[in-house]
Structure formats: structure tokens, C-alpha cells
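Report on the following structure.
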Amino acid sequence: MAEVPVPRAPDTPVATQFKVRVLLIDDQLIIVEAIRRMLADQGDIEFHYVTDPAAAIATAHLLQPTVILQDLVMPGVDGLTLIRSYRDDPKLNPVPVIVLSAKEDPQLKANSFAVGANDYVVKLPDRLELLARIRYHSTAFIARLQRDEAFAFLRASQKNLADANIELQKLAALDSLTGIANRRRFDEVMRAEWQRGQRDKKPLSLLMCDIDCFKVYNDSFGHLAGDLCLKKAAAVLTEHLKRPADVVARYGGEEFAIVLPDTDPAGALLIASACCGHLARLAIDNPRAPHGIITMSIGVATVVPSKAGSAETLIASADKALYQAKNDGRNQVMVAANPPEDIS
């Protein structure tokens, strides 16, 4: 029954203690001893006290009581002032305060409740009455702590779930082999950029890219080498993206697509040529291919989105240019001869 309580571990939630923790603030040791005896045989109640009112706030912070028994008349500090201090303190504000007064005074009772007391008893009260009041206020306080902990846990769980869902959405939008956007993400981006281009009346360019003679490479060196080749191609294309809105996606197999919002034909051709040349400079051996190395063919199409057109038309136009590049000898960029919309 020491005056300075042993502090509870700071990371242990109060609500998980399931114990009533009483802090008595009273300068009279005879009162302290009387209260101690009233509570001594109650196994679920911890009793602590402070005889120096100047230490009340610090001790309450350290102890985190479930109820404070507060004397009103003490040397140097007025009990009502202390109650105001509890209520002004965010950490102590919710803690119930039972006033222990020597007077049955209606005005003093009114003043006590006005500054924030939860209850008022004349000392020394009947033991059963004091126990009932302590348990009543502590139980309500602990229930509030448990509710707050449950809400905090729920909020944390909801945040964790939301974060996990975001990560799942990101993973669902990525190609598992290359780490770039997958076909599903490409479709989403095309829909969104088509709508934005239509709204802003800005050009939208699309590059359809295909690794030349990839099946021959796979047959010659195996699927592991083929997978590595796809990863290198994806890295090359990604390196030439200039803005956050630009997106490279694995369209399917050895075919890739690059979406370039607000990009005119000249800008799209510049990026396509850079990608094509970069991959060739890696000089990945492909002996059975016409150029002896891994190369890429790219079809480019640009349009200002409108209600008359569609993203599918743009894709078809870029695809047509791609196959023309392949038919004309591969390892080159071909711009769509007849853009699906006038971009002037």
C-alpha cells in the first residue's frame, strides 16, 4: 500500500487489466487507512493513495486509475481545483471522480458536480455503499475503455484490410512475370485515357510492340531464357516512359503495349524508335532469326478521342501498323497510314 505506485507497463492497455484501480487523494492518513481496510478483502480492487495533493496529477498519469477518490479540503491545494485539472487533462478527463467530503452541503455538492465530479459521498461512508459506488463508476469506465479499444482495433483492422485490398488490386493489375501492367490493367487505362482525351481534346497515342521471332528464340534456348528475354524487353520499354501517365503493359505472350496520353504522332514515333533501337543494342543472340539477335517491331497510332471513335479502333489501327512492320522485314517502327481520327 505504498504512496508511490508501481507503474503499469506503458504498452499494456488499461481495459485488459480487468481490475478496479482506486486512487485516493487525501492528506489524512487515518482516512487512508480506513479506506484501505474497507477495500482490503476485495481481490479485484487495487488500492493506491497520495497524501500530497501536489503529486495527484503525476500519480494519476502513472497509475491510470479506474476511479479517483478525491478529498476537497487539503493543505495548499483545493480539491475542486484538482478536479478541474483532471477534466482539463485529456488523459485523465474520462476517469470518474468520487468526492469524499466531510460535509453534507448542497452547495458544495453542486460545486463539485459543476467542476466535473461524478459522485459525492460524505466520509466515512458505509463500506458497502463505497464499494458499490467504486464498482459502478469503475465498471462504466472500463467498459468505455474496452469499447474504445474495440473501435481502435476495428479501425486498425479496416485500415489493414483497405491497405491489403489496395495491394491486391496492384498485384491483380501486374503481369506476374515482367512486373509491368497486365492486359486487364491495359484495358482499364485505355478506357480512362480515352475518356480523358475526349474530354480534354488531347491526342492519345498507342504503341503495339512485338518481339520478333520469339518462338524461334524459345525453341532454341528454352522457356527460362524466353522468360528472361521478356523481362529485358519490358525493362527496355519501361525505361523510355517519360511521364507518370505513360503506361507499358504486357498485352499477351511476347506482345507489349504502350499508352501515351497527350502525345502527338511525332512524340510517339520518337519513343517507339528509341525502344526499338535500345532492344537491338542489347544484342541478345537469336541465331535463327533474320537479324541474328532479338529485335522488336512496333506499330504506332495516334488519335484525338471522340464520341465517333473508340479505343478498340485505335488498338486495331496500331495492330495493323505493327503487322505491316513485321511484313516489311521486322526490327522497325511503322506509323498507321490512316489514323482512325483526324488529329490536326
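The values are calculated or read from the model by the stated rules, or taken from the named source; none is laboratory data. What you see is a predicted model, and the numbers here were worked out from it, not measured in a lab. Cβ sites come from the backbone with ideal geometry, for glycine too, and all protein chains shown count toward neighbours.
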task: Please indicate, with yes or no, whether at least one residue in the stretch 165-187 is farther than 26 Å from residue 231 by Cα and not small (Gly, Ala, Ser).
output: yes
- request: Select from the stretch 80-122 the residues that are within 17 Å of residue 35 (Cα to Cα) and among the small types (Gly, Ala, Ser) and write down the one among them that is surrounded by the most Cβ atoms within 10 Å (Cβ to Cβ).
  value: 101
Qualifying positions in the stretch 229-253 - in a helix (DSSP H, G or I) and within 20 Å of residue 193 (Cα to Cα): 237, 238
query: Restricting the first residue to the stretch 16-30 and requiring it to be farther than 12 Å from residue 49 by Cα and in the same structural domain as residue 46 (by TED's automatic domain parsing), which pairs with a second residue that is β-branched (Val, Ile, Thr) and modelled with pLDDT under 95 meet a Cβ separation below 6 Å and a spacing of at least six or different chains?
result: 20/45; 20/66
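Tell me, which residue of the stretch 180-202 that is assigned to a loop (DSSP other than H, G, I, E, B) and not β-branched (Val, Ile, Thr) is surrounded by the most Cβ atoms within 10 Å (Cβ to Cβ)? Walk me through it before giving the result.
Quick first cut of the stretch 180-202, residues assigned to a loop (DSSP other than H, G, I, E, B) only: 180, 182, 201-202.
Remaining after also requiring not β-branched (Val, Ile, Thr): 182, 201-202.
Numbers: 182: 20, 201: 9, 202: 15.
Taking the candidates together, the pick is 182.
Quick one: how many residues across the stretch 219-255 are among the aromatic types (Phe, Trp, Tyr) and in contact (Cβ under 8 Å) with a residue 60 or more places away in the chain? Quick ask: steps written out before the conclusion?
Taking the stretch 219-255 first, the residues among the aromatic types (Phe, Trp, Tyr) are 221, 251.
Adding the requirement that they be in contact (Cβ under 8 Å) with a residue 60 or more places away in the chain leaves 251.
The total comes to 1.
Could you say whether any residue in the stretch 218-228 is of a type in the set (D, E, K, R), touching a helix residue (DSSP H, G or I) at 6+ places or on another chain (Cβ under 8 Å) and in the same structural domain as residue 284 (by TED's automatic domain parsing)?
Keep residues of the stretch 218-228 that are of a type in the set (D, E, K, R), which gives 219, 227.
Now drop any that are not touching a helix residue (DSSP H, G or I) at 6+ places or on another chain (Cβ under 8 Å), which leaves none.
Checked the stretch 218-228: no residue is of a type in the set (D, E, K, R), touching a helix residue (DSSP H, G or I) at 6+ places or on another chain (Cβ under 8 Å) and in the same structural domain as residue 284 (by TED's automatic domain parsing).
Yes or no: residue 170 outside any helix (DSSP H, G or I) and among the basic types (Lys, Arg)? Even if it seems obvious, please write down each step before you answer.
Numbers: outside any helix (DSSP H, G or I): no; among the basic types (Lys, Arg): yes.
So residue 170 does not fit the description; no.
Per-residue answers, yes or no, for (1) surrounded by 14 or more Cβ atoms within 10 Å (Cβ to Cβ); (2) in contact with a strand residue (DSSP E or B) (Cβ under 8 Å, 6 or more places away or on another chain):
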{"site": "158", "(1), (2)": "no, no"}
{"site": "170", "(1), (2)": "no, no"}
{"site": "178", "(1), (2)": "yes, yes"}
{"site": "204", "(1), (2)": "yes, yes"}
{"site": "232", "(1), (2)": "yes, no"}
- line: Scanning the stretch 78-97 for residues that are in contact with a helix residue (DSSP H, G or I) (Cβ under 9 Å, 6 or more places away or on another chain) and assigned to a helix (DSSP H, G or I) gives 79, 80, 81, 82, 83, 84, 85, 86, 87
- prompt: Got at least one residue in the stretch 15-35 being surrounded by fewer than 16 Cβ atoms within 10 Å (Cβ to Cβ) and at pLDDT below 55?
  reply: yes
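Listed residues 75, 5, 10; which is crowded, with 19+ Cβ neighbours inside 10 Å, at pLDDT below 90 and outside any helix (DSSP H, G or I)?
Numbers: 75 fails: crowded, with 19+ Cβ neighbours inside 10 Å; 10 fails: crowded, with 19+ Cβ neighbours inside 10 Å.
On inspection, the qualifying residue turns out to be 5.
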